[in-house]
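Student: Here it is: the structure, laid out below.
Every number in this text was worked out from the coordinates using simple rules, so none of it is lab data. All figures in this text were calculated on a predicted structure; none of them were measured in a lab. We place every Cβ from the backbone using ideal geometry, glycine too, and count neighbours over all the protein chains shown.
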Amino acid sequence: MKIEALRVKNFKAFKEIKLTNLPAISVFIGANGTGKTTLFDVFGFLRDALQDNVRVALQKRGGFKEVVTRGENGAIEIEIKFRDHDEHSRGSLVTYALVIALDKNQPVIEREILKYRRGERGKSWHFLDFKLGKGIAITNESSYADKESKEEREEQTVDSPDILALKGLGQFQRFKAANSFRKLIESWHVSDFHIGDARPSQETGYAEHLSTRGENMALVAQFMYEHHRSVFNDILIKMAQRVPGVANVEATDTEDGRILLRFQDGSFKDPFIARYVSDGTIKMFAYLLLLHDPNPHPLLCVEEPENQLYPSLFCGLVEEFRDYADKGGQVMISTHSPDVLNYINLNEIFCLSKKNGITVIERASDNPLLAALIRENDLPGALWKQGLFMGLNP
């Protein structure tokens with residue numbers, strides 16, 4: 001599954017933004033406060049709304065009035081278009097649209113739609129179409145490929161108008177489109193990695209995937225070592241290539257029942273525990289665990305991956321992101337580093353700026369001057385330093 005387009009309206013500084021033809025790797029640049037974190041929070045918001053409900057997701061962000069664009073009285077709208085390659089949709093472009101409004105000062109889902117069409121001009125099938133907690137769902141999705149078949153609908157009601165219909169119907173295999181998109185939301189990873197959380201030893205437990213903050217890194221390392229030894233060995237090889245001196249990494253049990261990460265420096269007999277290893281070493285190991293996950297996330301959103309890393313590591317890190325994308329994942333990165341940008345293609349770069357307090361997002365390759373300079377072998381990072389990315393189309 002790959003997200004191809006995103007439209008957001010009245011969400012914080014996004015009065016209305018549209019991103020189309022999203023590549024496997026998208027890199028977002030812009031000054032502080034232009035909305036890079038807000039962009040990734042759109043995905044975090046959808047995940048929170050699915051796990052709980054829209055009201056809780058809004059409360060985590062200060063409530064509806066704090067989330068809706070200042071000065072706007074309309075609804076919050078989020079629309080995602082993605083390509084689904086299951087046996088029924090056969091690569092159709094699927095659209096999920098969510099409209100959230102206030103009703104008697106309480107947030108409600110004014111409209112929720114999941115649809116796709118047969119062919120470029122075929123009729124659009126609304127596999128899910130709800131208003132204020134009531135709506136219909138298609139029950140014969142397996143007939144979608146048959147152009148002669150007609151929709152068979154079933155009326156449904158959710159417990160409350162602030163609960164996503166996707167949350168309930170997506171639990172059932174017979175609602176295949178809803179089930180597929182629910183899994184996408186549940187499995188995307190919006191990184192909020194904190195070095196301080198990753199350093200301490202962990203209580204003995206079990207974790208297959210790195211958490212968004214990275215506090216379970218030792219448990220994930222232990223899981224990889226015990227259940228995916230070949231993958232873990234590949235990570236160690238990459239660590240030795242990316243971070244000179246690191247010969248081995250192990251997760252060991254302590255006497256008090258905790259898991260401790262120990263890093264072996266080839267120059268010393270005894271390993272160092274994570275508490276005394278550099279920030280860059282910890283972060284690179286965390287990224288390798290994330291990017292070599294045997295059951296990878298379909299979407300990764302990573303803010304400023306260059307932080308705590310030495311510039312010579314940037315090329316290798318971008319290579320890791322590209323390998324992840326080549327295997328079918330999708331990566332979105334925000335950065336403040338011109339050195340990182342030097343390893344990114346122009347059509348993968350999106351520039352955020354603010355005009356009258358509202359965020360504008362423009363694709364760098366749409367700017368003729370930048371495109372011409374790149375053809376002359378200028379590097380994107382160097383052009384960014386010269387200020388040519390800011391205000392692409394004044």
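Student: Once you have the Kirkwood Rh of the stretch 190-336 from its Cα pairs, apply Stokes-Einstein at 25 °C and 0.890 mPa s and quote D in µm²/s. Please list the in-between numbers first.
Tutor: On the way: Rh = 15.4 Å.
In µm²/s, the coefficient is 160.
Student: Multiply the residue gap between GLN386 and THR252 by 0.36 nm, knock off their C-alpha separation, and tell me the result in nm, one decimal place. Don't skip to the end; give the middle numbers.
Tutor: Details: separation 134, 0.36 × 134 = 48.24 nm, distance 4.88 nm.
The span from GLN386 to THR252 would gain 43.4 nm if fully extended.
Student: Can I ask one more? Return the FRET efficiency for the residue pair GLU319, GLU72: r is the Cβ-Cβ distance, R0 is 41 Å, and the value is rounded to the nearest 0.05. Walk me through the intermediate numbers first.
Tutor: Numbers: r = 42 Å, r/R0 = 1.02.
Plugging the Cβ-Cβ distance into 1/(1 + (r/R0)^6) gives 0.45.
Student: Please work out the FRET efficiency for the pair ILE136 and GLU4, using the Cβ-Cβ distance as r and a Förster radius of 30 Å; give the result to the nearest 0.05.
Tutor: Values: r = 26 Å, r/R0 = 0.86.
Taking R0 as 30 Å, the efficiency between ILE136 and GLU4 is 0.70.
Student: Across the Cα atoms of the chain, what radius of gyration and what greatest pairwise Cα-Cα distance (Dmax) are found, in Å?
Tutor: 22.8, 72
Student: Place +1 on the Cβ of every Lys and Arg and -1 on the Cβ of every Asp and Glu in the chain, take the dipole about the Cα centre, and give the residue among SER211, LEU98, SER230 whose Cα lies farthest towards its positive end.
Tutor: It is LEU98.
Student: Continuing with this model, one more query. Could you give the length gained by full extension between ARG262 and LYS327, i.e. 0.36 nm per residue of separation minus their alpha carbon distance, to one decimal place? Intermediate values should be presented prior to the final figure.
Tutor: Details: separation 65, 0.36 × 65 = 23.40 nm, distance 2.99 nm.
Residue separation times 0.36 nm, minus the Cα-Cα distance, leaves 20.4 nm.
Student: Quick one: check the C-alpha center-to-center distance for the stretch 205-241 versus the stretch 61-79, whole angstrom.
Tutor: A separation of 39 Å, based on Cα centres.
Student: Also, I was wondering about something else. Taking the radius of gyration and the Kirkwood hydrodynamic radius from Cα positions alone, what is the Rg/Rh ratio for the stretch 1-79, to two decimal places? Don't jump to the answer; show the numbers that get you there.
Tutor: On the way: Rg = 12.9 Å, Rh = 13.4 Å.
Rg/Rh for the stretch 1-79 comes to 0.96.
Student: Which loop-located GluC sites (Glu not before Pro) does the stretch 18-99 contain, where loop means any DSSP state but H, G, I, E or B and the Cβ has at most 12 other Cβ atoms within 10 Å?
Tutor: Values: sites: GLU66, GLU72, GLU77, GLU79, GLU87; in loops: GLU72, GLU87.
Passing both the DSSP loop test and the Cβ count: GLU87.
Student: At 7 Å along the Cα-to-beta-carbon direction for both GLU155 and ASP197, put a label point, then send me their distance in nm to one decimal.
Tutor: Output for this residue pair reads 4.5 nm.
Student: Calculated FRET efficiency, VAL231 and SER278, Cβ-Cβ r, R0 35 Å, to nearest 0.05? Can you show the working numbers first?
Tutor: Details: r = 24 Å, r/R0 = 0.69.
Between VAL231 and SER278 the formula returns 0.90.
Student: Can I ask one more? Roughly how many debye, to the nearest 20, is the charge dipole of the chain about its Cα centre, given +1 on each Lys and Arg Cβ, -1 on each Asp and Glu Cβ, and no other charges? Kindly include the intermediate steps, with their values, before the conclusion.
Tutor: Values: 50 positive and 55 negative charges, 258 e Å.
That gives the chain a dipole magnitude of about 1240 debye.
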